[in-house]
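Student: Have a look at this one.
The values are calculated or read from the model by the stated rules, or taken from the named source; none is laboratory data. Source: prediction; values computed, not measured. As a convention, Cβ positions derive from the backbone with ideal geometry for all residues, glycine included, and neighbour counts pool all protein chains shown.
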Amino acid sequence: MNATAWSILVGESGDAEEDCRAGPGPEGYTLDYSPFSFESDCRHPAPPPTWSDAGVKPGAYTHPAGVHVAPLPHGFHLVQSPHAPVGPAVLAPSVFGRWAGFRAPAPLRDAADRRLVQLTLLRPLDAAPRLCAAAPGALTVWLHITNACDLDCVYCYVRRSSARMSKATGLRAVEAVFANAAQHGFREVKLKYAGGEASLHFALVRRLHARAAELARQHDVRLREVLLTNAVHLRPTDVDWLAREGVRVMISLDGVGERHNASRPLRNREGADTFAAVAHTVDHVLLPRGIRPDVNMVVTARTAPGAADVARWAIIERELPTSFTFYRPNLLSRGRTDLELEEAALLSGMQSAYRVLERALPTWSFTGGLLDRVSAEARTHACGVGQNYLVITHTGALAQCQMHLDRPVRADLQGDLLAAVAAGPLINLPVEQKTGCRDCALRYRCAGGCPLETFRATGRWDVQSPHCALYRALLPAVLRLEGLRLMKAHGCLQ
């Protein structure tokens with residue numbers, strides 16, 4: 001998905017306590033739309049915010065149940081309704097006082113109160129709130145270019161071999177993708193060139209891009225692409241092409257120095273410094289060519305203590321969109337007990353990363369990837385399986401998830417691919433249908449977590465994530481960081 005952060009700072013212009021730099025947005029709002037977007041694997045996209053007065057009607061209003069409130073410096077407060085489609089609102093002191101007055105039901109008085117209704121921070125007394133989730137506008141497709149890789153990552157789910165996608169298979173895949181996008185009315189197609197290490201077959205990536213660009217023009221849809229790479233051996237000439245064609249890059253970084261090397265060693269070369277190779281690629285190949293790569297850290301019991309180092313290296317020092325995703329056990333790594341997520345170690349590691357970020361708070365929106373499968377914006381599903389997400393193997397088969405490359409739901413790419421994925425064995429339920437989730441105030445932020453991981457741990461699709469306790473413990477800290485960032489970005493915090 002392509003995640004962007006929408007957050008709101010509400011103030012009353014002219015009051016000294018709320019003298020913050022105003023950004024574009026509806027009257028009375030400072031609306032923060034991040035220029036940075038996150039390439040965050042398969043997370044389901046959030047709908048864009050709307051600012052209609054259609055839902056404001058006469059009668060008494062009060063606070064929604066389960067609203068999250070956290071104090072911020074200088075009398076500001078972060079407030080978020082469970083049903084808010086956007087990120088948290090930061091209320092200036094007088095606005096927070098006004099909002100607090102609705103603990104007892106009362107009628108709206110003026111436009112300022114109506115703004116609080118628009119933000120779902122107030123609800124009609126006689127109506128139950130609900131999330132109005134828009135249909136996704138983009139079809140996202142994982143193209144598995146090859147099983148080959150020059151690294152030997154300890155948690156990899158791909159059975160490495162020399163097998164690769166042929167040009168004929170790749171072209172058929174791209175054509176099937178655009179046919180399905182047209183069939184379902186998608187206005188955007190996103191292709192993810194993945195592996196293995198997709199850059200080992202760069203000529204094929206270029207050929208598939210050329211055909212995709214041609215089809216995008218024919219169908220009048222937007223094309224976005226991203227190359228998923230370990231960044232160890234990206235050639236400058238290939239990066240020149242990526243920059244020219246506007247293809248994004250997402251790299252893996254599981255620590256700084258030896259911690260990364262231990263998790264992502266070079267194949268058949270013990271002791272190789274793969275972190276140094278990645279750092280060289282970022283600093284001397286990608287950034288000088290105007291490419292700001294997305295960074296993804298896979299958090300395991302082994303790597304969790306290095307999360308703070310990644311946050312400092314990637315987010316603070318280089319301003320790179322960064323996401324932290326939890327390790328998923330798989331058939332090839334099932335016996336690795338040293339990788340299993342130990343809750344206390346993971347909690348400590350992520351909290352250390354958040355403390356590092358708070359001490360050197362960026363002003364650009366960095367919170368979109370700070371917690372596995374979680375977002376500040378509301379979602380009913382944690383991932384897009386069955387709705388807007390396809391995985392195509394190197395043989396041209398169709399799978400539901402990249403973790404299921406060896407268990408395709410269809411051997412070819414004929415017909416309605418989304419329908420075939422929706423009918424597969426991986427069941428992606430909306431969060432309201434999951435026991436332990438439906439009454440949780442945070443349900444639309446984690447959306448119940450990865451359904452595949454839930455089934456692996458519990459044997460059920462309709463229950464909360466095995467990481468539920470971690471989400472509950474860490475998400476308030478992530479929201480607080482977004483509130484502080486928003487204050488700093490708009491001059492309310494030094």
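Student: For the range 199-217, check the following and say yes or no: at least one residue is in contact (Cβ under 8 Å) with a residue 40 or more places away in the chain, exposed (fewer than 15 other Cβ atoms within 10 Å of the Cβ) and out of contact with any Ser or Thr (no Cβ under 8 Å at 6 or more places or on another chain).
Tutor: No - not one qualifying residue is present in the range 199-217.
Student: Just name the residue that is nearest to residue 173 (Cα to Cα) out of those in the range 389-409 that are of a type outside the set (A, V, I, L, M, F, W, C) and in a loop (DSSP other than H, G, I, E, B).
Tutor: 396
Student: Tell me, which residue of the range 221-251 that is without any contact (Cβ under 8 Å) to a residue 40 or more places away in the chain and part of a helix (DSSP H, G or I) is surrounded by the most Cβ atoms within 10 Å (Cβ to Cβ)?
Tutor: 238
Student: Considering only the range 263-271, I want to know if a residue exists there that is surrounded by fewer than 23 Cβ atoms within 10 Å (Cβ to Cβ) and part of a strand (DSSP E or B).
Tutor: yes
Student: Has the range 248-270 got at least one residue that is farther than 24 Å from residue 300 by Cβ and assigned by TED's automatic domain parsing to the domain that holds residue 401?
Tutor: Within the range 248-270 (the criterion being farther than 24 Å from residue 300 by Cβ and assigned by TED's automatic domain parsing to the domain that holds residue 401), the answer is yes, since at least one residue qualifies.
Student: When the residues of the range 57-100 are narrowed to those that are surrounded by 18 or more Cβ atoms within 10 Å (Cβ to Cβ) and over 30 Å from the mean Cα position of the chain (by Cα), which ends up farthest from residue 491 (Cα to Cα)?
Tutor: Result: 61.
Student: Would you point out the residue of the range 278-307, among those that are buried (at least 21 other Cβ atoms within 10 Å of the Cβ) and assigned to a helix (DSSP H, G or I), that is modelled with the lowest pLDDT?
Tutor: Among those that are buried (at least 21 other Cβ atoms within 10 Å of the Cβ) and assigned to a helix (DSSP H, G or I), it is 304.
Student: Can you spot a residue in the range 130-147 that is surrounded by fewer than 19 Cβ atoms within 10 Å (Cβ to Cβ) and modelled with pLDDT of 85 or more?
Tutor: Looking through the range 130-147, none of the residues is surrounded by fewer than 19 Cβ atoms within 10 Å (Cβ to Cβ) and modelled with pLDDT of 85 or more.
Student: Spot the failing condition for residue 16; the list is (1) among the aliphatic types (A, V, I, L, M); (2) at pLDDT 80 or above; (3) within 20 Å of residue 483 (Cα to Cα); (4) loosely packed, with under 15 Cβ neighbours inside 10 Å, and only one is missed.
Tutor: Exception for residue 16: condition (2).
Student: Do you know which residues across the range 352-366 are among the aliphatic types (A, V, I, L, M) and touching a Lys or Arg at 6+ places or on another chain (Cβ under 7 Å)?
Tutor: Answer for the range 352-366, where residues must be among the aliphatic types (A, V, I, L, M) and touching a Lys or Arg at 6+ places or on another chain (Cβ under 7 Å): 356, 361.
Student: Residue by residue through the range 309-319, note down the ones that are of a type in the set (A, V, I, L, M) and surrounded by 21 or more Cβ atoms within 10 Å (Cβ to Cβ).
Tutor: 310, 311, 314, 315
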